[in-house]
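Since the structure comes first, as structure tokens, the remarks are kept for the end.
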Amino acid sequence: MPEMTSRERVHTALSHQEPDRVPTALGGGPYSVVDDLYHRLLPALSLPGPVEPFRSGHNVSYMDDRVLELLGTDTRYVWPTMSPSSPVEGEDGGLIDGYGQPWNRALPYYYPAAGILEDAEDVDAIEERISWPDPTDPKWTAGVRARAKALHEGTDKFVVARMVTSHGPYQTASDLRGAEQFLMDMAADPEFAQTLTDRVTDSIVGLIRAYLDAGGEYFDMIELPGDDYATQSGLAMSPAMFRQYFKPAIVRMVSTIKTYRPEIRVMLHCDGAITPLLDDLADAGVDVVHPLEPLPATNIEQVKATYGSRLSFLGAIDIKQALPGTVDEVVAEARLRISQLAPGGGYILAPANHVQPDVAPENLIALFEAARKYGQYPIRVPVA
Amino acid sequence: MADLEQLTAAVEAGNRKTATSLTTEALAEGVAPQAILDAMTSAMGSVGARFSAGDIFVPEMLIAARAMKEAMLVLEPSLVGAGVQPVATAVIGTVEGDLHDIGKNLVAMMWKGANIAVVDLGVNVSPQAFVDAVTEHKPVVVGLSALLTTTMPMMKTTIDALRASGSSVKIVIGGAPITPEYAEQIHADGYAPDAGSAAALIRDFLEVPA
């Protein structure tokens, strides 16, 4: 087969057909590299120095196309200038996000402080206490159009619009209300849970629309804000509750994008053991699911056999044991996931989450070399 | 006549208003506080079992625990008056370096639901703080929680510190990355995959019927 361009390769895979080889990705909202590893990757790739960070106050701060070029990945990214669910330093030195919710720093992550709606007794507090972002403010999308146009016209890469905000309706509502309180609302105060979920979704849909207006004609895929409906061992809520509150929110976000331009692919990030929700996600119009975490509770072969004709998967490369291991273990992981997920297309090889400081640069380089070597179609399944 | 079966059903369903009013009624009618308590612990026992079986999820478990907690505020003075004590004391916390608390809180709730006095040390708890709490409260069980693979080794450090202090308290561990093999490897006395099982585990240690 003649070599495809990156854009052709990814589109072919996401159309559930076999391209020339398995496409690869690094740098999205939930599958980039932490700054520590970025700085160690530069000398390993013989690059002189870092690019300007694309944001501050975070531990994933660099979007460096030179690195992606040398690693040979197929996707390139556009990002919103600001994200309402990412905390920034306020005037008093404390951390506060775009909704007005205070956060505590606990490097390398942040944790929401007591939710600003935690003690709210009625739905009026949802409008009164939260500073809902104004999606018409140009600050969210400054620079998006120029970069999207440059990537679309000046390269043959697959253009991905990073998520407009890190957290989707479920997690944002949990940040603002307190996770336990929101879970209880879902069971015992459906009016509050529904009103808050709808209001967060309104806000995200507004930001997605602004993003599309800015650069949508050049996007090949959009990442929806991440929402973890599952833990490592199972669902955080019943499928019925997911269908009641969050599936309609996903449908609204997807239809905003597909109404603008149906060809734009939609990716949803959802950690954990989410197999029982995959049917609903496909039904809601999601095209690509990240990360399909390799977990004891998830049978990847069975997921591929059952949902592989309706959903594509991005990710699946274990960052906890395989990537921090030996180069041989990294190569074995790449071969395993390719054999499980790549046949018939529908798979983009990528890390299951941000690659952490415990990973050697050589391992990340080896991952993408292995993907190129063993990802040639037709896939030859390694003999165990 | 207040119906204790209805009280059990109200706690199971997380109906806090009904649970509280049935408790008030039962007390007014002279029902023994121990019988009222048993109706609630029985509800939480079946909530734990249904959670472990995957029939209900975290939201339903949380509202059941909340219903019992609120009804207990009504019942507690009468329990004290009747000399009813918790069956045992447990200490629980998320190990040092780890700030996750939902799983730990669920286990604490389920233990309280089994009429165990729970001393919750919170998150990011140092090994020494566990040792001090064991000395002070003399629990039968200590529960250690961790969500991250990077903080799991702190469970071993904490167990070693408790053993070095001379304590023979039962130590049980849990959290997303924990396996029974890991529990055995670091010499924990028990492991539970979820909060419902954690309640069953402590009942086994105490030989309390479910």
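The values are calculated or read from the model by the stated rules, or taken from the named source; none is laboratory data. Just so you know, these numbers come straight off a predicted model, no measurement behind them. Because the Cβ atoms are built from the backbone with ideal geometry, glycine has one as well, and the counts that use them run over all protein chains shown. Please note that ligands, DNA and RNA were not included when accessible areas were found on the heavy atoms of the full protein model with its side chains. Shrake-Rupley method; radii C 1.70, N 1.55, O 1.52, S 1.80 Å.
What to note about this one:
- Residues of the stretch A:149-190 that bury at least 30 Å² of accessible area once all protein chains are present, compared with their chain alone (1.4 Å probe, heavy atoms only, ligands and nucleic acids left out), are A:GLU180, A:LEU183, A:MET184, A:ALA187, A:ALA188.
- Only the Cβ atoms of Lys and Arg (+1) and of Asp and Glu (-1) were treated as charged; on that basis the dipole of chain B about its Cα centre amounts to roughly 200 debye.
- Estimated FRET transfer efficiency (A:LYS149, B:GLU70; beta-carbon r; R0 56 Å; 0.05): 0.45
- Calculated accessible area for chain B comes out at 44 Å² per residue, all protein chains present (probe 1.4 Å; ligands, DNA, RNA ignored).
- Phi to ³J(HN,Hα) by Karplus 6.51 cos²θ - 1.76 cosθ + 1.60 over the stretch B:38-50, Hz, x for Gly, Pro: 4, 4, 7, 5, 5, 4, 5, x, 6, 4, x, 5, 5
- For chain B, the longest principal axis of the Cα atoms and the long axis of helix B:58-81 meet at an angle of about 70 degrees.
- Contour excess over end-to-end distance, with Cα ends at A:ASP36 and A:GLU8 and 0.36 nm allotted per residue: 6.8 nm
- Residues of the stretch B:133-179 that lose at least 20 Å² of accessible area (1.4 Å probe, protein heavy atoms only) when the other protein chains are present, relative to their chain alone, are B:THR149, B:ALA176.
- Our summary gives the stretch A:1-142 a relative contact order of 17 percent, counting only alpha carbon pairs under 8 angstrom and 6 or more residues apart.
- Relative contact order [Cα under 8 Å, 6+ residues apart], chain A, whole percent: 21
- The calculated pair-distance distribution of the protein assembly as shown uses every alpha carbon pair, bins of 10 angstrom beginning at 0, and gives 3, 16, 25, 25, 17, 9, 4, 1, 0 percent.
- Legend: calculated FRET efficiency, A:ASN104 to B:SER21, from the Cβ-Cβ distance at R0 = 41 Å, rounded to 0.05, equals 0.60.
- Cβ-based charge dipole, the protein assembly as shown, positive-most Cα from A:ALA282, A:ALA305, A:GLY206: A:ALA305
- Here is the interface size for A with B: some 1400 Å² of accessible area buried, both sides summed, with a 1.4 Å probe.
- For A:LYS258, the lysines whose Cα falls under 27 Å of its own Cα, not counting residues fewer than eight places away in the same chain, are A:LYS139, A:LYS149, A:LYS157, A:LYS247, A:LYS304.
- Put a plus charge on the Cβ of each Lys and Arg, a minus charge on the Cβ of each Asp and Glu, and nothing anywhere else: the dipole of the protein assembly as shown about its Cα centre is then about 1380 debye.
- In the stretch B:88-206, Cα pairs under 8 Å separated by at least six residues give a relative contact order of 29 percent.
- Residues in the stretch B:82-105 that, when all protein chains are in place, have 10 Å² or more less accessible area than the chain alone would give (probe 1.4 Å): B:LEU99, B:HIS100, B:ILE102, B:ASN105
- Using Cβ point charges alone (K and R +1, D and E -1), the dipole size of the stretch B:88-206 about the Cα centre works out to roughly 240 debye.
- Computed with a 1.4 Å probe over protein heavy atoms only, the accessible surface of chain A comes to 39 Å² per residue.
- Order of exposure, largest accessible area first, which applies to A:ASP134, B:ASP55, A:ASP92, A:ASP280 with probe 1.4 Å: A:ASP92, B:ASP55, A:ASP134, A:ASP280
- Chain A, accessible surface, carbon-and-sulfur percent (1.4 angstrom probe): 52
- Pairwise FRET efficiency - B:THR157 versus A:SER339, Cβ, R0 = 51 Å, nearest 0.05: 0.85
- Zone of A:THR136's modelled label, taken as backbone nitrogen in the stretch A:198-214 under 18 Å from a point 7 Å along Cα→Cβ: A:202-214
- Among the trypsin sites (Lys or Arg not before Pro) in the stretch A:1-69, those located in a DSSP loop and surrounded by at most 16 other Cβ atoms within 10 Å of their own Cβ are A:ARG55.
- Note that the stretch A:73-124 shows a convex hull volume over its alpha carbon atoms of 149 Å³ per residue.
- Apportionment of accessible area to carbon and sulfur, the stretch B:88-206, percent (1.4 Å): 54
- The stretch A:280-335 shape via C-alpha gyration tensor axes, a/c threshold 1.5: prolate
- With q set to 0.18, 0.19, 0.22 Å⁻¹, the log10 of I(q)/I(0) for the stretch B:68-210, from the Debye formula over equal scatterers at the Cα positions, is -0.98, -1.08, -1.41.
- Rounded, prolate or oblate (a/c below 1.5 giving rounded, otherwise prolate when a/b exceeds b/c) for the stretch B:4-81 by Cα gyration tensor: prolate
- Heavy-atom accessible surface of the stretch B:4-81: percent carbon and sulfur, 1.4 Å: 56
- Length gained on full extension, B:ALA9 to B:ALA117: 36.6 nm, using 0.36 nm per residue less the C-alpha separation.
- Using a probe of 1.4 Å on the protein chains alone, the accessible area found for B:GLU181 is around 120 Å².
- Look at the Cα gyration tensor of the stretch A:17-59: its axes a ≥ b ≥ c give a/c of at least 1.5 with a/b at or below b/c, and that counts as oblate.
- Modelled spin labels at A:GLU362 and A:ARG380, positioned 7 Å past Cα toward Cβ, are 2.6 nm from each other.
- Note on A:VAL251 and B:SER168: the model spin-label points, each 7 Å out from Cα along the C-beta direction, lie 6.2 nm apart.
- For chain A, the longest principal axis of the alpha carbon atoms and the long axis of helix A:327-341 meet at an angle near 80°.
- Against the main long axis of the alpha-carbon atoms of chain A, helix A:361-374 sits at an angle near 60°.
- Listed residues B:ALA114, B:GLN185, B:ILE159: farthest to the positive end of the dipole of the stretch B:58-210 (Cβ charges): B:ALA114
- Working value for the stretch A:322-363: equivalent-ellipsoid semi-axes of 21, 12, 6 Å, each the square root of 5 times a Cα gyration tensor eigenvalue, largest first.
- Remark: spin-label model distance A:ASP20-B:ALA49 equals 6.2 nm, labels positioned 7 Å along the Cα→Cβ axis.
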